[in-house]
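Everything below concerns the one structure shown next.
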Amino acid sequence: MKVFKFKQTDYFQILKLISQSDRIKLFLVSIIQIFLAFLDLIGVAFFGLIGSVTVAAISSTKVAGRTESVINFIGLENYTSQVQVAILGSLAAALMIIKTFTSLYFNKKIIFFKETNVKSKNKMMKMILMMMNLILTNTKNK
């Protein structure tokens, strides 16, 4: 039932105007962006671990709870707090740098992506008008 409702939406109508290969490219770009956001999330989690390990070291207590299980999972349980913080910081920095350069590469590809499969100017104009209608409809609903 929900599939039929999706086919009646403006989004589906716009997607129909794009060629099959471009729809696949759009899907792949979406998957890549989700993966890059996941890398960000992991990097921020490493910074949280750094804070947790640092607080435990300053207060002279043992790391416990989820932090301890993550430290054990990574294999850092036998190291001192300073080494754990250094390794976690290096991992976080490496993830953020990899994410940044990967994002730059794919954003460059996306920016210079050209629509080559538009068969006629009429079809392109119809797509632009549908987008404008969608934007106007969304702004009226807010």
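Since every read-out is calculated from the coordinates, none of them should be taken as a lab result. Nothing here was measured: the structure is a model prediction, and the numbers come from that model. Note that we place each Cβ from the backbone using ideal geometry, even for glycine, and neighbour counts take in every protein chain shown.
Per residue of segment 36-46, what does 6.51 cos²θ - 1.76 cosθ + 1.60 with θ = phi - 60° give for ³J(HN,Hα)? Whole Hz please, x for Gly and Pro, Karplus curve as stated.
5, 5, 5, 4, 4, 4, 5, x, 5, 4, 4
With θ set to phi - 60° and the Karplus curve 6.51 cos²θ - 1.76 cosθ + 1.60, what are the ³J(HN,Hα) couplings of segment 17-24 in order, to the nearest whole Hz, using x for Gly and Pro?
6, 8, 5, 4, 5, 6, 5, 5
Please give, to one decimal in nm, the separation of the simple spin-label points placed at Lys109 and Ala45, each 7 Å out from Cα toward the Cβ.
According to this spin-label approximation, the distance is 2.5 nm.
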